[in-house]
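Read the structure below first, then the notes.
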Amino acid sequence: MRILDRYILKELAGPFIFGICAFSSIFIGTDVLFKMARFITEQGAAVWTVAKLFLYSLPRIVVLTFPMSMLLASLLAFGRLSGNSEIVAMKTGGVSFYRLAAPVVIIAFFVSIFAMFFNELVVPAANTAYSRTVLEEINKSQIPTTQDHILIRDIKGGQLQRITYARQFNGATNTMQGVDIQEFEQGRLSRIINAEQAKWNGNNWDLANGIIYVVAENGNLEHSLRFQKQMVDVVMNPKEISREQKQPKEMTIKELKTHIKIREREFVSTNALQVELHQRLAIPLASLIFTLIGAPLGLQPHRSSSSIGLGLSIVIIFVYYSIMTLSTAIGQSGTIPPVLGAWLPNLLMIAFGAWLIRRAAR
């Protein structure tokens, strides 16, 4: 690595770490601490329980601060270099803007990749642990009596055995409505069972008024059989079903894709899930996109003040997340395609960044 690259990255490191700490503190102070205080004062939660909830809430906050921090870091780093006329000296020495921005863009790319893995491997697990802690230790297992679009995965020996989907689950009557079961043999779909209703008999689930489709090894339908009553060995009892259901924010990308496919087969709207799926990539990638904006903006002579850089970062971040909130809502409603609802803020910021880079390179 050249001396110039190391010098620029050194300028970038401090503001990036500061940005993560500063923006995380804002989220914690305006949201998390308020919820923790309510848990203690209104529901009498133990201090240890609140401490666990605080830790579980950090991953989802930190992953949101990566794009913000890269924007702030690139603005402040290039702003200081520009304010001290170091950029002028580098350009006089024949170094182009593209060469100056290269190490920052590369680091932003790796930050985006790390954020994607972090958002997939850590955040859903932390969100699940948060929800379970609230359910079991704050609400004392007070589960909702009715839940829509439940999904049960039966895995044995590392192999997926069965996926059970129900349009609605009623915990008061221990029944499921609109049941769709997919059974697998050595990873191959072997049977599909559709039933109007499933009722818990104390040990197993009894299906009523349905049809069984047997799938051949080549994927074609072999034959079908209608039934009025059929017992199925779903692994979870009603209490476990209520406890184990996940919200979209608690699912991994693989789980979201599975949920989407099953809902599509049942002709249920998947717009909200598809927006969530695409945002798992779009939000981490914003770290790279924000760098394309911050670097050229930092070159402006009046950007030497760190307070101006921080203020400008906040304005850009506010605009980005305002657009994201709006596009998410209209994407979930189906007014625009879900993929566009998730990626629209990034596309607009890419266009803005490309214009800034072209102007800065002149």
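The values are calculated or read from the model by the stated rules, or taken from the named source; none is laboratory data. Owing to the predicted nature of the structure, the values given are computational and were not obtained by experimental measurement. Neighbour counts are summed over all protein chains in view; Cβ atoms, including those assigned to glycine, are modelled from backbone coordinates with ideal geometry. Heads up: the accessible areas ignore ligands, DNA and RNA and are worked out on the full protein's heavy atoms, side chains in. Shrake-Rupley method; radii C 1.70, N 1.55, O 1.52, S 1.80 Å.
Just a few scattered comments:
- With eigenvalues of the C-alpha gyration tensor scaled by 5 and rooted, the chain, Å: 49, 25, 16
- Placed amide H near H149: partners under 5 Å, 5+ positions off or other chain: Q168, F169
- Using θ = phi - 60° and Karplus 6.51 cos²θ - 1.76 cosθ + 1.60, couplings along the stretch 178-183 (whole Hz; Gly, Pro as x): x, 8, 10, 10, 10, 10
- Estimated 222 nm signal from helices in the chain, with DSSP H stretches of n ≥ 4 weighted -39500 (n - 2.57), rounded to 500: -20500 deg cm²/dmol
- Surface composition of the chain: carbon and sulfur make up 61 percent of the accessible area, probe 1.4 Å.
- Ligands, DNA and RNA excluded, the heavy atoms of F54 present near 60 Å² of accessible surface to a 1.4 Å solvent probe.
- Summed over the residues of the chain and divided among them, the accessible surface reaches 51 Å² per residue at a probe radius of 1.4 Å.
- In terms of the mean number of neighbouring beta-carbon atoms within 10 Å, the peptides 101-108, 31-38 order highest first as 101-108, 31-38.
- Compactness of the stretch 48-154, expressed as Rg and Dmax over alpha-carbon positions, Å: 22.3, 71
- Rounded to whole numbers, the Karplus 3J(HN,Hα) couplings from phi for the stretch 333-340 are 6, x, 5, 10, x, x, 5, 6 Hz, using 6.51 cos²θ - 1.76 cosθ + 1.60 with θ = phi - 60°, and x at Gly and Pro.
- Cα shape, the stretch 126-217, gyration tensor, a/c 1.5 rule: oblate
- Taking the empirical scaling 2.2 N^0.38 Å for compact globular proteins as reference, the stretch 189-303 has a Cα radius of gyration ratio of 1.71.
- Ordering of 176-185, 68-77 by packing [mean C-beta count within 10 Å, highest first]: 68-77, 176-185
- Inter-centroid distance (Cα atoms) of the stretch 164-219 relative to the stretch 1-60, Å: 43
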